[in-house]
């Protein structure tokens, strides 16, 4: 969960850090940057029109046996869509249907700690640091023999998509990112924010305690539903919609991955040494050069920076869109046509 940016410091840099990063790289901004306001349009598909991807697939990739949806023509241009916390692949159940109907092959994996994704070894650390989640995506692409894909994401997924685009641009045709630029660092997260801003990240400090770990493990569904309500205050999701995603949190590694992710961000938990070099590169806030469209909902209840704070972090063809109509944090599920339109249009820029 956009971290720099989130009711969950899952948008990791935080407003202040994103602003610093944007200023740092102001000279690299794209001359092609545009901004627009888009009202979600039902088109041929309504939000929550689809409830299932059908049978899922599994593939061994890196440290994981990854569960994923794979829809659309096998020879279509590949789109990889990444979910966040506390969400799952159903964030994209309508988006995938739209894109598949347009000829795209859409791959939607469960992140480590979610759904049917499992570790291949009990000895592998249950690590949730930002670099390793992106490495999982590269490993998935290798396992599926996907050389290059359009990558899109929301929350944790947006950060991960940012990292793939920044560190492996040769594997990323284009990017769609909800809430913009989300790459962060432990050092950046040491920056104290005003009390009101810190209050919004209450759960991050809760997870820093053993009481928080136990509480999240015991009340996972209640916790996730509260976050959904706070982050998307105008989204009137029903219980069936929530439960379709909530089953993904029954993964035996879910609590460990979530807790490690947030503790790592605060510097309270170590990452794995083999990823130190990647984290050093990410801590420098690398500019993203691939064609990019960023999106924001007009009713996002999670803290997020003004788009002007991160526009300069995208040096290629770039456009930002504000999606109106009471759209909250889980934008792809709340406004699937707007998200799918962004994928279709960024594909034309690639």
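The values are calculated or read from the model by the stated rules, or taken from the named source; none is laboratory data. Since we're looking at a predicted model, the values are computed, not measured. Ideal geometry is used to build each Cβ from the backbone, glycine not excepted, and the neighbour counts take in all protein chains shown.
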How many residues are surrounded by fewer than 17 Cβ atoms within 10 Å (Cβ to Cβ), in a helix (DSSP H, G or I) and out of contact with any helix residue (DSSP H, G or I) (no Cβ under 7 Å at 6 or more places or on another chain) when one looks only at the range 198-214? 7
Among the residues in the range 80-89, are any over 13 Å from the mean Cα position of the chain (by Cα) and either surrounded by fewer than 23 Cβ atoms within 10 Å (Cβ to Cβ) or not in a loop (DSSP other than H, G, I, E, B) (or both)? no
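Considering 186, 130, which residue is at pLDDT below 95 and either within 28 Å of residue 226 (Cα to Cα) or within 16 Å of the chain's Cα centre (by Cα) (or both)?
Of 186, 130, the one residue that is at pLDDT below 95 and either within 28 Å of residue 226 (Cα to Cα) or within 16 Å of the chain's Cα centre (by Cα) (or both) is 186.
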Quick one: which of 248, 302, 269 is buried (at least 21 other Cβ atoms within 10 Å of the Cβ) and assigned to a loop (DSSP other than H, G, I, E, B)? 302
State yes or no: is residue 188 touching a helix residue (DSSP H, G or I) at 6+ places or on another chain (Cβ under 7 Å) and at negative phi? yes
Quick check on residue 217: is it surrounded by fewer than 18 Cβ atoms within 10 Å (Cβ to Cβ), modelled with pLDDT of 95 or more, touching a helix residue (DSSP H, G or I) at 6+ places or on another chain (Cβ under 7 Å) and not in a strand (DSSP E or B)? yes
